[in-house]
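The structure appears right after this line, and notes come after that.
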Amino acid sequence: MKTLATDIRMQTNEDDKIEIVLTVKAQKYQIADAVYKLKEVTGNKKDLLVEIKQFREKRSLDANSYCWLIIGKIADVLRANKDDIYIDMLKRYGQRESKLVSVVSEAKDIIYRATKNHCAEVGESENNGVLFTHFAILIGSSEFDTKSMSILIDGIVSEAKELDIETETPEKLSIMKVAWK
């Protein structure tokens, strides 16, 4: 079950155990059905895995479509592969995982294959005579929230303009960005 929580509080029950109470936003029938299914699980002495994280608005499919439309135009002008252009744009304007990955430099091709090129070399170092390459792992745009997608598209549009590729007007882009939020 996924739902939006609008409030959270702590309280103690009659056994003096701490309970966490969430207030959620959903239709009554959806919550009743979900709670019934969850109680079935806990009633059978099974544990539930609960993940609580901040809600972030996902970017719209229109944003993704526009992103790939402009990437396609850039690829046509540069006579390049769309996927290669996409990776270049992610490197310049995208998001990265917070941790770096370091591998023996002789094995760096494995990282490219394993991540489907969703990585960027960010440095090298040597330890005991062995050369290591450090990688930042790129987050794919399908995982972007509205703000991250907006930054990516702004960067792509900027590069398209440098190549004299026609893009939406600033007004239209502004309207699209408001719709993405």
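A compact table of results
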{"quantity": "Those lysines that a straight Cα-Cα span of less than 21 Å connects to K46, excepting residues fewer than 8 apart in one chain", "calculated": "K2, K17, K37"}
{"quantity": "Whole-Å semi-axes of segment 1-125's equivalent ellipsoid (Cα gyration tensor)", "calculated": "45, 23, 14"}
{"quantity": "Low-density loop positions, GluC sites (Glu not before Pro), segment 1-89 - DSSP coil, at most 12 other Cβ in 10 Å", "calculated": "E14, E51, E57"}
{"quantity": "For the chain: relative contact order, % (alpha-carbon pairs under 8 angstrom, 6 or more apart)", "calculated": "21 percent"}
{"quantity": "Under 5 Å, built H, 5+ apart or other chain: amide partners of C119", "calculated": "L138"}
{"quantity": "Which of F132, F144, F55 has the fewest Cβ neighbours within 10 Å, and the rest in rising order", "calculated": "F55, F132, F144"}
{"quantity": "Angle between the chain longest axis and helix 170-180 axis [Cα atoms, degrees, rounded to 10]", "calculated": "30 degrees"}
{"quantity": "Helix 28-43 vs. the chain, principal-axis angle (Cα, 0 to 90°, nearest 10)", "calculated": "80 degrees"}
{"quantity": "Vicinal HN-Hα couplings computed from phi for segment 139-144 (Karplus, 6.51 cos²θ - 1.76 cosθ + 1.60; Hz; Gly/Pro x)", "calculated": "8, x, 4, 5, 9, 6"}
{"quantity": "Scattering profile of segment 61-180 at q = 0.10, 0.11, 0.19 Å⁻¹ [log10 I(q)/I(0), Debye over alpha-carbon scatterers]", "calculated": "-0.37, -0.44, -1.00"}
{"quantity": "Extension gain, V50 back to M10 (0.36 nm per residue minus Cα-Cα distance, nm)", "calculated": "12.8 nm"}
{"quantity": "Degrees separating the helix 61-78 axis from the principal Cα axis of the chain, which is the longest one", "calculated": "10 degrees"}
{"quantity": "Under 5 Å, built H, 5+ apart or other chain: amide partners of Q95", "calculated": "I139"}
{"quantity": "Computed E for S174/K25 - FRET, C-beta separation, R0 30 angstrom, nearest 0.05", "calculated": "0.55"}
{"quantity": "Residue-averaged 222 nm ellipticity for the chain, from DSSP H runs of 4+ at -39500 (n - 2.57), nearest 500", "calculated": "-14500 deg cm²/dmol"}
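No lab work stands behind these numbers, since they all come straight from the coordinates. Keep in mind it's a predicted model, so treat the numbers as computed, not measured. Methodologically, a virtual Cβ is constructed for each residue, glycine included, from the backbone with ideal geometry; neighbour enumeration extends over all protein chains shown.
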